[in-house]
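Below: the structure, in structure tokens.
Only the coordinates and a few stated rules stand behind these numbers; no lab work does. On a predicted model such as this, the values are computed, not experimentally measured, just so you know. FYI the Cβ positions are ideal-geometry reconstructions off the backbone, even for glycines, and counts take in every protein chain you see.
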Amino acid sequence: MWYAEGMSEEPIRIVLAKVGLDGHDRGIKVVARALRDAGCHVIYAGLWQTVESVVRTVADEDADWLGISILSGAHMTLVPQIMEAMRQAGLDHVGVIVGGIIPEADVPKLLEMGVSRVFGPGTPMQQIVEFVKSRRSAAHA
Amino acid sequence: MPESLWEGVRRRDRRALARLISRAARGQEIDTIRQLGPPQKPARVIAITGSGGVGKSSLIGKLIEPLRQRGRTVAILACDPESPLTGGALLGDRFRMGAALDDGVYIRSLAACSGRQAIADHLDAVIRLCEEYGFDWIIVETVGAGQGDTAVRAWADLVVLLLQPETGDELQWEKAGVLEVADLIVIHKADLPGADRAAQQVRAALELAGGTIVPVILVSSRTGKGIAELLDALESLPSKSRRGDDVHAFLNEAQQELHRRLRDPAATSLLALWRSGRIDIHEALRRLWELTGSPQP
Ligand code: B12
Ligand SMILES: Nc1nc2c(ncn2[C@@H]2O[C@H](COP(=O)(O)OP(=O)(O)O)[C@@H](O)[C@H]2O)c(=O)[nH]1
Ligand SMILES: [Mg+2]
């Protein structure tokens, strides 16, 4: 829009979702608001998503990023499933970031699976915003 | 690249559709889309409008399954507001609609500039793309619409206005400019007390206004009441002509054109000048008209 200085013509589209029965949605809502205020188009898919519905959403919304929030401790089961389903759907160009309660020891394993970055409790919003903005996925450039 | 995207859409590749919609929503490919001519199989385009919180997304979510049972494929274009300051948007309609994994359902969230007419820019082009893909129905959810947000009329075969009980005094119904463009009125959240009374008031207001008789249906997304009746009405009501033969289409088009011209760097620096307080709003407007080559009002 012409009157917002410094705005890019093509806003970054990011899908934010929680998978499974994990009902902790405060963090993801805070992140959603921060990304919106930073000029992103945030597609909030919310609670109780399945792996399949998340991947479908990312494809149909033509998203640049997928952000998953997990505080249930199920990340080591869910994240591999999500990454595999994304690959099968041909969505390798979409960056995946994960936030929530993730023990330090699991972080390298998630990165190994193809996750771009993991953000734990207390992460300043600016850090998340900058990361998402600085690494627009190549296929959408 | 766009070439192969076009082929993709005709092959019913959802990813190609998704990508082309992104481009169209940004104002790219518009000329190509407008030159497509009438679709092979026109979709039934239904706009769902009404103020924020009235339950548009919830209701659309409840329509998906019965529509699929009736053998219809459906694309849903859900508009949510975009901040004029940051350009950011929180698109949350989809969350209320529930997850549909069926290939006959496509849900897409679109940001609509605030201050515009409650629908996303280039919505006509996005609708046309969905028609090219071959959906039977296209449902458009507007941004919480109110008075004067009537542009959607230009692109829809049917406009459904949602109202809810206990939203104010009787005058509310008369004030709502959208009453005039609605082909069907839903008193939503009919599980709440006061729904019958609201329906009576709306019917009275419509009678007072004269004109054609618009059906008023009581619906609750929570209990499922009235959903089947609503679908029957949506299937059977005659389509209004769309394709921009009315004043709303004209105004919307004019607005988009103005918006496009305002992207000009000169217009942007004019704004900066106004923001800095060196010129007042009227002076800014005067210079703006000069810049955009539009006649002075
Ligand atoms: C508040 C809270 C609740 C609330 C949740 C309210 C709500 N609607 O969110 C209630 C009381 C309902 C609750 C219930 C439960 N809880 Co609880 N809860 C918490 C608590 C205290 C704080 C969580 C919170 O809101 N933090 C504030 C937000 C802003 O921070 P955040 O979510 O971490 O998000 C930040 C980052 O992680 C990151 N982030 C998060 N998501 C994302 C996503 C993306 C894309 C990005 C980029 C970043 C990002 O950015 C945010 C800002 O920095 C934590 C303890 C803790 N200190 O974390 C336990 C905690 C998460 N709960 C826990 C448990 C066990 C439960 C229950 C199972 C308890 C029970 N036995 O019933 C239930 C489960 C409920 C359910 N259905 O899932 C455990 C989880 C253990 C685990 N993972 O191994 C914790 C860790 C407590 C503990 N130490 O044991 N809980
Ligand atoms: N009582 C009642 N509440 C409803 C009904 N449908 C939706 N709601 C609630 O109304 C609120 C707004 O719904 P939403 O679909 O997001 O409205 P929208 O802004 O018009 O899209 C939510 O809290 C819903 O739970 C209904 O039929 N009855
Ligand atoms: Mg909505």
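Structure values in brief
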| item | result |
| --- | --- |
| Residue selected from segment B:265-293 under the condition in a helix (DSSP H, G or I) and of a type in the set (Asp, Glu), by the criterion farthest from B:Ala254 (Cα to Cα) | B:Glu283 |
| Residue list for segment A:44-78, restricted to those being touching a Ser or Thr at 6+ places or on another chain (Cβ under 7 Å), more than 12 Å from ligand 1 (Cβ to nearest atom) and within 8 Å of another protein chain (Cβ to nearest Cβ) | A:Glu61, A:Asp62 |
| Per-region count, segment A:55-94, residues free of Cβ contacts under 8 Å to residues at least 40 places away in the same chain, under 13 Å from the mean Cα position of the chain (by Cα) and within 25 Å of A:Glu104 (Cβ to Cβ) | 3 |
| Qualifying residue in segment A:9-29 (condition: closer than 13 Å to B:Leu91 by Cβ, in contact with an Asp or Glu (Cβ under 6 Å, 6 or more places away or on another chain) and not in a strand (DSSP E or B)) | yes |
| Filter result (among the hydrophobic types (A, V, I, L, M, F, W, C) and surrounded by fewer than 21 Cβ atoms within 10 Å (Cβ to Cβ)) within segment B:35-63 | B:Leu36 |
| The listed residue being away from ligand 3 (no atom under 16 Å from the Cβ), out of contact with any Pro (no Cβ under 6 Å at 6 or more places or on another chain) and more than 23 Å from B:Ser109 (Cα to Cα), out of A:Val96, A:Val51, A:Val107, A:Val55 | A:Val107 |
| Residues (over 17 Å from A:Ile97 (Cβ atoms) and within 7 Å of chain B (Cβ to nearest Cβ)) located in segment A:16-38 | A:Asp37 |
| Positions within segment B:15-40 being away from chain A (no Cβ under 14 Å) and not in a helix (DSSP H, G or I), in sequence order | B:Gln35, B:Leu36, B:Gly37, B:Pro38, B:Pro39, B:Gln40 |
| Segment B:48-65 residues that are in contact (Cβ under 8 Å) with a residue 12 or more places away in the chain, paired with ones that are within 16 Å of ligand 1 (Cβ to nearest atom) and in a loop (DSSP other than H, G, I, E, B) (beta carbon under 9 Å, 6 or more apart) | B:Ser57/B:Gly92 |
| Members of segment A:6-46 found to be away from ligand 3 (no atom under 16 Å from the Cβ) and of a type in the set (Lys, Arg), listed by number | A:Arg13, A:Lys18, A:Arg26, A:Lys29, A:Arg33 |
| Condition met for B:Asp93 (over 17 Å from B:Ile138 (Cβ atoms), acidic (Asp, Glu), crowded, with 22+ Cβ neighbours inside 10 Å and within 14 Å of ligand 3 (Cβ to nearest atom)) | no |
